[in-house]
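Here the structure is laid out as structure tokens; the discussion comes afterwards.
The values are calculated or read from the model by the stated rules, or taken from the named source; none is laboratory data. Model, not experiment: these values are computed from the prediction. Because the Cβ atoms are built from the backbone with ideal geometry, glycine has one as well, and the counts that use them run over all protein chains shown. Side chains included, ligands, DNA and RNA excluded: accessible areas come from the protein's heavy atoms. Shrake-Rupley method; radii C 1.70, N 1.55, O 1.52, S 1.80 Å.
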Amino acid sequence: MTPVYDRVALIGLGLIASSMFWAIKRAGLAAEVTGYARSAETRETARRIGLCDRVCDSAADAVAGADLVVLAVPVGAMGAVAADIAPALKLGATVTDVGSVKRHVIDAVAPHLPEGVHFVPGHPLAGTEHSGPESGFAELFDNRWCLLVPVEGSDDAAVDRLRALWEGIGSNVDVMDADHHDLVLAVTSHAPHLIAYTMVGVADDLRRVTDSEVIKYSAAGFRDFTRIAASDPTMWRDVFLTNKDATLEILGRFTEELFALQRAIRTGDGDMLFDYFTHTRAIRRGIVEAGQDTAAPDFGRVGTSGGAAE
Ligand code: NAP
């Protein structure tokens, strides 16, 4: 494949950036990929495993001369990183990010970017519960969605080029408005993560009573909650702090539904429960039919490292 960009710089070298690197290399989408992570330990690991063609000791060095700069740090760190790299950005370069929340990232990053640099925020809807430079793999984004969220005045050609990169990486690409993105993700990802964190917390409380039974018999649905609740604490703290309104809105609706189900159980309303579960089962079938998960038992994750943490 012809390279989409001559030089790509990855700022932050965790799960998402490392997976992007391996996918970019798999398809030959960039002539050179530079990388930077804030800790010497992560930079050392990256050099050891061949993550990036060149690992730099400063973010400014990594972005110098880059045609595309990818911010792949926690959402709460995006603004500071943008301020740090801004003076070193090449005229005509595109800056994108992979953050799980979009309105906050746009507000935090855009003011720092100089005239003549394009900003095209993005969000690949793929992840696992693992993090760090060694957790990435080229197939992570295959057949997953990547949402591009252009800001006012985003250059069409810059958006098209970034789309070509994500398609080359293996994703399907859609364009979405920032506020809509944050609401959709609150439903599909952020609220479910909070519910998983809560359920594991409840079970942990119970464990003190039932000893190790919660772990021993965890295959009965609970195990999948623990996988989601093992997701990176920094990333998820930042997601909830920066997508506050949409998450609280969805959790409010969730609580109302939960009360309705609680009442049905208390009053013995079997019809209500049956109809509710029939409807939710149809939603699951729709996800499988859309190719976003397999119908295999055990949630289709036997022997894989996940693929649905986002
Ligand atoms: P990760 O594996 O934990 O890696 C995070 C990277 O950011 C590391 O290189 C880390 O550097 C660096 N970093 C952490 N805090 C920083 C700070 N305060 N300033 C500068 N750099 C910092 O994270 P990830 O899963 O790749 O997530 C990266 C971004 O992708 C996040 O914005 C997240 O919302 C988004 N995202 C995640 C997923 C997912 O499922 N994981 C999916 C889609 C999008 P050190 O290693 O040196 O500490």
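In table form, for the structure just shown:
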{"quantity": "Condition met for Pro114 (open to solvent by 30 Å² or more (accessible area, probe 1.4 Å), assigned to a helix (DSSP H, G or I) and out of contact with any strand residue (DSSP E or B) (no Cβ under 8 Å at 6 or more places or on another chain))", "calculated": "no"}
{"quantity": "Val75 being within 9 Å of the ligand (Cβ to nearest atom), among the β-branched types (Val, Ile, Thr), in contact with an Asp or Glu (Cβ under 8 Å, 6 or more places away or on another chain) and in contact (Cβ under 8 Å) with a residue 40 or more places away in the chain", "calculated": "yes"}
{"quantity": "Residue selected from the stretch 215-236 under the condition modelled with pLDDT under 90 and assigned to a helix (DSSP H, G or I), by the criterion most open to solvent (accessible area, probe 1.4 Å)", "calculated": "Lys216"}
{"quantity": "Residue count, the stretch 122-138 (criterion: in contact with a helix residue (DSSP H, G or I) (Cβ under 6 Å, 6 or more places away or on another chain) and open to solvent by less than 10 Å² (accessible area, probe 1.4 Å))", "calculated": "2"}
{"quantity": "Condition met for Val159 (without any contact (Cβ under 8 Å) to a residue 60 or more places away in the chain and touching a helix residue (DSSP H, G or I) at 6+ places or on another chain (Cβ under 7 Å))", "calculated": "no"}
{"quantity": "Helices (runs of 4 or more DSSP H) lying entirely in the stretch 4-89 (those with 1 or more residues that are under 18 Å from the mean Cα position of the chain (by Cα))", "calculated": "15-27, 78-85"}
{"quantity": "Within the stretch 240-299, considering residues that are among the basic types (Lys, Arg) and modelled with pLDDT of 95 or more, the one farthest from Ile195 (Cα to Cα)", "calculated": "Arg266"}
{"quantity": "Test for Val173: is it outside any helix (DSSP H, G or I), open to solvent by less than 30 Å² (accessible area, probe 1.4 Å) and in the same structural domain as Ala138 (by TED's automatic domain parsing)", "calculated": "yes"}
{"quantity": "Members of the stretch 1-57 found to be within 14 Å of the ligand (Cβ to nearest atom), under 17 Å from Val95 (Cα atoms) and open to solvent by 20 Å² or more (accessible area, probe 1.4 Å), listed by number", "calculated": "Ile16, Tyr36"}
{"quantity": "Members of the stretch 117-140 that are in a loop (DSSP other than H, G, I, E, B), within 10 Å of the ligand (Cβ to nearest atom) and in contact with an Asp or Glu (Cβ under 7 Å, 6 or more places away or on another chain)", "calculated": "Leu125, Ala126, Gly127, Ser131"}
{"quantity": "Evaluation of Ala86 against (1) within 25 Å of Leu185 (Cβ to Cβ); (2) in contact with a helix residue (DSSP H, G or I) (Cβ under 7 Å, 6 or more places away or on another chain); (3) not acidic (Asp, Glu) (one fails), failing number", "calculated": "(1)"}
{"quantity": "In the stretch 241-252, the residues that are open to solvent by less than 40 Å² (accessible area, probe 1.4 Å) and either over 12 Å from Leu183 (Cα atoms) or in a helix (DSSP H, G or I) (or both)", "calculated": "Thr242, Ala246, Thr247, Ile250, Leu251, Gly252"}
{"quantity": "Answer from Ala108, Ala80 - the residue that is within 13 Å of the ligand (Cβ to nearest atom), in the same structural domain as Thr45 (by TED's automatic domain parsing) and either modelled with pLDDT under 95 or buried (at least 17 other Cβ atoms within 10 Å of the Cβ) (or both)", "calculated": "Ala108"}
{"quantity": "Subset tally (residues that are within 18 Å of Met176 (Cα to Cα), in contact with an Asp or Glu (Cβ under 9 Å, 6 or more places away or on another chain) and of a type in the set (A, V, I, L, M, F, W, C)) for the stretch 81-105", "calculated": "2"}
{"quantity": "Residues (in a loop (DSSP other than H, G, I, E, B) and within 15 Å of the ligand (Cβ to nearest atom)) located in the stretch 91-105", "calculated": "Val98, Gly99, Ser100, Val101, Lys102"}
